[in-house]
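First comes the structure, then the notes that go with it.
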Amino acid sequence: MKLYVGLIFVVMAILGNELEGCHCKIVQFIFGDSLSDVGNNKLLSKSLAQASLPWYGIDFGNGLPNGRFSNGRTVADIIGDSMGLPRPPAFLDPSLTEDVILENGVNYASGGGGILNETGSYFIQRFSLYKQIELFQGTQVLIRNKIGKKAADEFFQGARYVVALGSNDFINNYLMPVYSDSWTYNDQTFVGYLMATLRDQLKLLHSLGARQLMVFGLGPMGCIPLQRVLSLSGNCQQKTNNLAKSFNKATNKLVEELSTQLPNSSYKFGDAYDVVDDVISNPGKYGFENADSPCCSFGTIRPALTCVPASRLCKDRSKYVFWDEYHPSDKASELIANELIKKFGFVRVDQTNAPSPAPGLAPSPED
C-alpha cells in the first residue's frame, strides 16, 4: 500500500498562481518514497530499489521505464493532472535548473526511503526523509542566489509541502529481523520512535519556510502482495494493518499539535486508509478481478523485489489492483486518485485546461 498512500499528496499542491511581491508561482515540494518517486532512484546507480527495468512504464509515454514504480501513472500524477498542475520533476533530473524549480517545484521522493535514516539500508542507495530535507536546503541556496533572499523567502513560504512516507519504516525495517529496530522496540514504542523523529523533521521544515503542509497517512499495507505471500492462507497481515492504523492515529495527533504550536502554519493530515481498503476488499465493485496478487510476477518465485524483464504479465492490467509486489497499477491509481479528489473536495486550479487523458494500455508481450 505504500504506493497508494504516498502518492496522494499532490492533491494539496499549488492553489494559486503567483506570490505577492515575489511574482513567483506557487509550487509544491514533495517528500516521499516509491509511491511518489518519479525518477530519483533511477539515477542512483547503486540503488537496489529501482524501477528502471521493463516492464515498468509500459503504459506511460513511450513505454520505457521512467523511474515510476508502476506500469503507468502514480496517484500523484493523476491528482495533479486533474487539478491542472505541472508535474514536479525529480531532484536528480539532469534538466533541473533554478527556472524549472521556480516554475514546477521539486520532487525529492525516493523508493525505499523512510522517516528513519536506517530504513531501507539494504537497498544501499535511497534518500531518507532527513536526506530529502537536506537536498531541499540545497535547493533553497540555489533559489536565493537566483532571485535574492527576500523573494526566495516569499517563494518558499508560499509553496505547498507534502510529506508521504512511513510504510518502508515498517515493511523494510521494523518487520524485518535483519534490522535492530525489530528487536529494540515493540509496536507501541516503535510508533513512538517514528513520531518523535517525524516531529523534529516537520519542525525543521517549518524553520525552512514550510507554512502549508500536508502529511499523508498509510493504507492497509498488510494487504499488499508482498505481505500476503507471508501468510499460508494468502490473507492480509492484520498485524501490519494495525501498525498502519496506529501510525495514522499518532500522525494525525502530531500534525494537529504542530499546527497549533508552529507560527503561521497550516499543517494537515490526509487519511486515505478507508478508500484504499475498500478497493482491496471489494475489487469487483470497482471493476477489478484481482486484488491480491501482482500483474507483473516472477512465476512461483515470490516475493521479487521488483518487476523484472523475465517477469510474466497478466492478460489485462486494467483488472489488477496491484502492478508488482508493492505498488498499484495505473488503473488502480486512477480509481484511488478519483476517490481522493471527491473525498477531499479538490478542484482544478486552471479551469481552461482539460485533464491529461489516461494512457491506452499497451498490449501484453504475450498478446
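The values are calculated or read from the model by the stated rules, or taken from the named source; none is laboratory data. Keep in mind that what you see is a predicted model, and the values were worked out from it rather than measured. Cβ sites come from the backbone with ideal geometry, for glycine too, and all protein chains shown count toward neighbours.
Counted as qualifying within the stretch 96-201 are the helices (runs of 4 or more DSSP H) with 2 or more residues that are under 23 Å from Lys253 (Cα atoms), namely 129-147.
Of all residues in the stretch 281-311, those satisfying the criterion of being more than 25 Å from Asn168 (Cα to Cα) and either surrounded by fewer than 16 Cβ atoms within 10 Å (Cβ to Cβ) or among the small types (Gly, Ala, Ser) (or both) are Asn282, Gly284, Lys285, Gly287, Glu289, Ala310.
Within the stretch 200-244, can you find the residues that are among the basic types (Lys, Arg) and buried (at least 16 other Cβ atoms within 10 Å of the Cβ)?
Within the stretch 200-244, Arg211, Arg228 meet the criteria.
Consider the stretch 279-316 and keep the residues that are in contact with a helix residue (DSSP H, G or I) (Cβ under 8 Å, 6 or more places away or on another chain) and charged (D, E, K, R). The one that is farthest from Asn338 (Cα to Cα) is Arg302. Checking each residue in the stretch 185-204 for being without any contact (Cβ under 8 Å) to a residue 24 or more places away in the chain and either among the aliphatic types (A, V, I, L, M) or touching a Cys at 6+ places or on another chain (Cβ under 8 Å) (or both) picks out only Ala196.
Annotation note: of Ser207, Ser182, the sole residue that is more than 20 Å from the chain's Cα centre (by Cα), under 30 Å from Lys25 (Cβ atoms) and free of Cβ contacts under 8 Å to residues at least 60 places away in the same chain is Ser207. Annotation: of all residues in the stretch 306-352 being among the hydroxyl-bearing types (Ser, Thr, Tyr) and at pLDDT below 85, the one that is farthest from the chain's Cα centre (by Cα) is Thr352. Beta carbons closer than 7 Å, at least 6 apart along the sequence or on distinct chains, pair a first residue in the stretch 270-299 that is part of a loop (DSSP other than H, G, I, E, B) with a second that is at pLDDT 90 or above and β-branched (Val, Ile, Thr) for Phe288/Val321.
Among residues of the stretch 318-339 that are in contact (Cβ under 8 Å) with a residue 60 or more places away in the chain and within 11 Å of Val276 (Cα to Cα), those with a Cβ under 8 angstrom from a residue that is among the hydrophobic types (A, V, I, L, M, F, W, C) and surrounded by fewer than 24 Cβ atoms within 10 Å (Cβ to Cβ), sequence gap 6+ or separate chain, pair up as Ala332/Val279; Ala332/Phe288; Ile336/Val275; Ile336/Val279; Glu339/Val275; Glu339/Val279.
Go through Leu243, Leu230 for me and flag whichever is more than 27 Å from Thr197 (Cα to Cα), out of contact with any strand residue (DSSP E or B) (no Cβ under 8 Å at 6 or more places or on another chain) and aliphatic (A, V, I, L, M).
On the way: Leu243 fails: more than 27 Å from Thr197 (Cα to Cα).
Sole residue among the options that is more than 27 Å from Thr197 (Cα to Cα), out of contact with any strand residue (DSSP E or B) (no Cβ under 8 Å at 6 or more places or on another chain) and aliphatic (A, V, I, L, M): Leu230.
When Ser182 is tested against the conditions (1) more than 24 Å from Ser266 (Cα to Cα); (2) crowded, with 24+ Cβ neighbours inside 10 Å, the lone failure is (2).
Any chance the stretch 44-65 includes a residue that's surrounded by fewer than 24 Cβ atoms within 10 Å (Cβ to Cβ), among the aliphatic types (A, V, I, L, M), within 25 Å of Leu205 (Cα to Cα) and touching a residue at least 12 places away in the same chain (Cβ under 8 Å)? Yes, some residue in the stretch 44-65 is surrounded by fewer than 24 Cβ atoms within 10 Å (Cβ to Cβ), among the aliphatic types (A, V, I, L, M), within 25 Å of Leu205 (Cα to Cα) and touching a residue at least 12 places away in the same chain (Cβ under 8 Å). When Arg144, Arg160, Arg87 are checked against the criterion of being over 15 Å from the mean Cα position of the chain (by Cα), basic (Lys, Arg) and surrounded by fewer than 24 Cβ atoms within 10 Å (Cβ to Cβ), a single residue qualifies: Arg144.
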